[in-house]
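Each remark here refers to the structure printed beneath this line.
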Amino acid sequence: MHLRSFLILVLAFGIQQLYGQETYKSVSAEDSVLTYPGGKPYEVHTFAQKFKSKNPRNVIMMIGDGMGTSQIFAGLTANGGHLFLDNFKQVGFSKTQSSDNYITDSAAGGTALSAGQKTYNGAIAVNTDTVAIKTILEMAEEKGMSTGLVSTSAITHATPASYIAHQGSRGSYEDIAADFLKTDIDVFIGGGYKHFTERKDKRDLAGELKQKGYQVLRNMDEIAEVKSGKLAGLTADEHNEVVPKRKMDLPLSTKTALHILDQNEKGFFIMIEGSQIDWAGHQKNTGYIVREMLDFDQAIGKALEFAAKDRETLIIVTADHETGGFALAGGDMKTGMVKGAFTSGNHTGVMVPVFAYGPGAENFTGIMENTDIAKKIITLLGF
Ligand code: MG
Ligand code: ZN
């Protein structure tokens, strides 16, 4: 190998290590298509818009990683013209730029949403000086609320990590896993088991979690049976598989987590992520985008089911950024066919939608900074 090619390889590997971006490639859809042929739609329910209070008691934050308006409309078309998202009457837009880049990554994007501060790409809930900044989840804990995280990636991946860990670099998965032990989080469900158990420092964090009273479970059926107590659901060694191969069930995990968290009179905060809408964009795969989008929307359906009954719960659905420069070049509402086109294999700088349902939802309209979303939630919860 020529020295120059070797140096380029070393550089490429270094960049990959730095951002940890390439880890999505450990899971992959089998097809790779620009056109999704259509499929059987699920039924979308309409939920009441009547709420008990002016301010929410509980907040459900739902992040579709890489989910821009085209991703949403691809899902809507594939499902025959409707999504659970139709229930959200307050809609705004979020500007996703990070402190050092027009194009954010999911770490800086996650930190903006979790802590309300712009930071550099790769940062996990630390500011531009790499000093830890408090997240909404941590503030909720301090107030005695219950807390949770659910993700279809590893639970140590950038988006969920931004709510619970403080690390200068998103690729520090083992350090991020160790940060879970420093908190009092009640429920987390996602992949990443090996970051807790196969560690350079030889700590057995699964064992330590058990000692702290967590039910540490790896199987979705067992996880879905948990009704109370602390739960660490680690459903994959690293990332969960793609839909429909995925054993971890996002809508069911959402329902399970909400049931457990709803036993605290002080309320709860949870972040639920549809992680792989992003990976589908990186892979320029319309079918993968549609399937992950519909999975995420059905999780939104579970959140709505809970919130419509509870009437004191605010649901925010947004994205950290758009991925793929995804556009719709054709579609059919009757068959569900979607023809996609991509302008990028990476994130883009376009603003992403913000949807709000529940008490306080009216605050999330217009064009806002991604950091404003966190600030508004903090204000509404009285932190
Ligand atoms: Mg993510
Ligand atoms: Zn991405």
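Computed quantities for the displayed model
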{"read-out": "Residue, farthest from E273 (Cα to Cα), within the stretch 99-112, restricted to residues that are of a type in the set (S, T, N, Q) and buried (at least 24 other Cβ atoms within 10 Å of the Cβ)", "value": "T104"}
{"read-out": "Spans of helices (runs of 4 or more DSSP H) in the stretch 98-192 with at least 3 residues over 15 Å from the mean Cα position of the chain (by Cα) and touching a residue at least 24 places away in the same chain (Cβ under 8 Å)", "value": "136-142, 173-180"}
{"read-out": "Hey, I277 in contact (Cβ under 8 Å) with a residue 12 or more places away in the chain, away from ligand 1 (no atom under 14 Å from the Cβ), in contact with a strand residue (DSSP E or B) (Cβ under 7 Å, 6 or more places away or on another chain) and not in a strand (DSSP E or B) or not", "value": "no"}
{"read-out": "Matching residues in the stretch 134-181 - criterion: being charged (D, E, K, R) and within 11 Å of ligand 1 (Cβ to nearest atom)", "value": "R170"}
{"read-out": "Residue list for the stretch 293-325, restricted to those being in contact with a Gly (Cβ under 6 Å, 6 or more places away or on another chain) and within 16 Å of ligand 2 (Cβ to nearest atom)", "value": "M293, F296, A319, D320, H321, E322, T323, G324"}
{"read-out": "First in the stretch 67-81 and within 23 Å of N346 (Cα to Cα), second anywhere and surrounded by fewer than 24 Cβ atoms within 10 Å (Cβ to Cβ) and of a type outside the set (A, V, I, L, M), Cβ under 6 Å, 6 or more apart", "value": "T69/P353"}
{"read-out": "Residue list for the stretch 131-160, restricted to those being within 16 Å of ligand 2 (Cβ to nearest atom) and either among the hydroxyl-bearing types (S, T, Y) or within 29 Å of E265 (Cβ to Cβ) (or both)", "value": "S151, T152, S153, T156, T159, P160"}
{"read-out": "Enumerated strands (runs of 3 or more DSSP E) restricted to the stretch 291-383, each holding at least 2 residues that are surrounded by fewer than 20 Cβ atoms within 10 Å (Cβ to Cβ)", "value": "327-331, 338-341, 366-369"}
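Coordinate-derived values only; no laboratory data. Please read all numbers here as calculations on a predicted model, not as lab measurements. In this analysis, Cβ positions are derived from the backbone assuming ideal geometry, glycine residues included, and neighbour counts consider all displayed protein chains.
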